[in-house]
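Quick notes on the structure that follows.
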Amino acid sequence: MNDFFKRLTTRITIAFMFLVLIVSAAIYYYWSSTIVTMIYNGEQTKSELLVSYYSQIFESILDEKDAQKLDRLTNELILLTDEKSGWPLITELKLELFDGRVIEKRNDGHDKSGVKFEVETPIFSKKSQEMLGTLQVFYNGRFYQELINNTRKQMLWAIGIIALILLLVQRFVSGLLKPLRIMAQGLNVIDLEEYHRLPVPRKGVSVEIQKVWSAINAVFERLKQRDGELIAEHRAVEAALRDKLEAESASQAKSQFLANMSHELRTPLNAIIGYSEILQEEVLEGGHEIYDPDLRKIHSSGKHLLSLINDILDISKIEAGKMQLYIEVFDLYQVIQDALITVRPMIEKNGNDIVLRCDENIGLMRGDKMKVRQVLQNILSNAGKFTHQGQIEMTVNHAVGDGKDWFNFMVKDTGIGIGEEQLGKLFQAFVQADASTTREYGGTGLGLAISQGFSRAMGGEITVESKLGIGTRFNLRLPVEMEGNGETEQSVMPAEKIQTVITNGGVGGDRVSGHAGPASEKTLNQENESRLFETKKVRYEKL
């Protein structure tokens, strides 16, 4: 630290020297560019005023044609002197007339400057207004030289005074830094690990420095206390980190257990569901319709339980980071139809209307077909569950952003809505926005968590906007060409072909309009369309 203050003092000294040079250069520039020119122009103006006055007298005398007056006037002009210095004002004059007369007078014994101010003016007759000749006068340059010398001395004095002031300031700053250098010497010899205190200041140190000394010692005491606190905090962080690692290990074990148990449970459940279907057929064929309602309940409960197990398996894969994508090229409109067909009964059960706004030739998509359909089904079924006697709108379009092609899905309902406090918990596993919704509407709270996990695994995102009593809008964004995370099954269609297919159409701004599918392929499935729009509850609006 002592070296630091030495370097600081040296830098301050250099800075002041540089400042002196800058000020001197600025003064010299001002001198050479402004002051010298101003003095020269002033002397030139004085000579012109003097000659202008005497030229009028010359004109009057020449009109009188009085040679004696003319001679006296030239002598008077050449002998003009300055009242203070006694120096002659005119060093040389020459009167040249057109009638051949030339009068020249000199008085250059006092002009040692080498600078002359020449003024030449025409002489006119006041009577006839004819030009009689010219008067040429050289003004004494000694006055100019004397002004230059005096001004230079004044400027040198000014530079000297400024330099002296800067030197005094520099000495004052160095004096201020000296006690700090003394303190730095004390800090260099201190052992923070052992003492945590500065040594006693030596004699001659100012009272102010002693106060600073005491303040630094107090800082060291606080640092010592803070060291103890940091050690305690560090131990607490280590303990929290251990707990976090243990929790992550437990979570992975839980996910592995759930995955294993889900597989173990699905096998007997599939058997129960299959045998219930067989029994239903046999009961109906044997005329024992009385058992059909019970078998239907068994079948329905089995399907419901299988759905819950599948959800648990999916969420466990997401949490374990082992989500597998099966990449293929598929017709997106077909997937949208399949999702709507699946959720339509549940949505219509609550008296809701469905509006689909989508180009039937929206185009092809390269990604995981089953997961895209499951995400759409989850969002649509969530909208249908919390909406009664309302309307559910689904809009799909193709957009370009962030250097990629995207499909944007918007599902809007007129249901009960979600409060701001509950929105943050919407995508958490096993959590519903409000406990009251679980009691009234049921559900495990896994659907949206799984959908968000699938979307992010496919390179997309789900966002939600909602207001209580007004409705909710889910926005799903998925890339047209997905990149799988982890193990993937690649499509047989190369990326170049899907890129050609999805970009076929016009571009307006940063959104793609028009149909994005190949003109030779008819992507609308007639059978599914008839199933989807067989009731008036589902309405299709082409974009």
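Some points to look at:
- Condition check for residue 14 on (1) assigned to a helix (DSSP H, G or I); (2) over 30 Å from residue 168 (Cβ atoms): one failure, at (2).
- Test: residue in the range 196-211 that is of a type outside the set (A, V, I, L, M) and modelled with pLDDT of 70 or more: yes
- Filter result for the condition that a residue is buried (at least 23 other Cβ atoms within 10 Å of the Cβ) and either part of a loop (DSSP other than H, G, I, E, B) or of a type in the set (S, T, N, Q) (or both), over 397, 378: 378
- The listed residues are 308, 313, and the only one of them that is in contact (Cβ under 8 Å) with a residue 12 or more places away in the chain, open to solvent by less than 30 Å² (accessible area, probe 1.4 Å) and over 21 Å from residue 483 (Cα atoms) turns out to be 313.
- Residues (under 14 Å from residue 413 (Cα atoms), open to solvent by 20 Å² or more (accessible area, probe 1.4 Å) and either outside any helix (DSSP H, G or I) or free of Cβ contacts under 8 Å to residues at least 60 places away in the same chain (or both)) located in the range 330-356: 350, 353
- Counted residues, the range 451-503 - those being part of a helix (DSSP H, G or I), hydrophobic (A, V, I, L, M, F, W, C) and at pLDDT 85 or above: 2
- Which listed residue is farther than 25 Å from residue 379 by Cα and either among the acidic types (Asp, Glu) or at pLDDT 80 or above (or both), from 285, 319, 328: 285
- Within the range 122-179, if we keep just the residues that are without any contact (Cβ under 8 Å) to a residue 60 or more places away in the chain and of a type in the set (Ser, Thr, Tyr), the residue that is farthest from residue 22 (Cα to Cα) turns out to be 128.
- Residue satisfying all of: in the range 404-429; touching a residue at least 40 places away in the same chain (Cβ under 8 Å), out of contact with any Ser or Thr (no Cβ under 7 Å at 6 or more places or on another chain) and among the hydrophobic types (A, V, I, L, M, F, W, C); surrounded by the most Cβ atoms within 10 Å (Cβ to Cβ) among these: 409
- Extreme residue, nearest to the chain's Cα centre (by Cα), among residues of the range 14-33 that are at pLDDT 75 or above and among the small types (Gly, Ala, Ser): 15
- Residue 106 open to solvent by 70 Å² or more (accessible area, probe 1.4 Å), under 28 Å from residue 36 (Cβ atoms) and touching a Ser or Thr at 6+ places or on another chain (Cβ under 6 Å): no
The values are calculated or read from the model by the stated rules, or taken from the named source; none is laboratory data. All values derive from a computational prediction rather than experimental measurement. Neighbour counts run over all protein chains shown; Cβ positions are idealised from the backbone, glycine included. Calculation scope for accessible area: heavy atoms of the full protein, side chains included, ligands and nucleic acids excluded. Shrake-Rupley method; radii C 1.70, N 1.55, O 1.52, S 1.80 Å.
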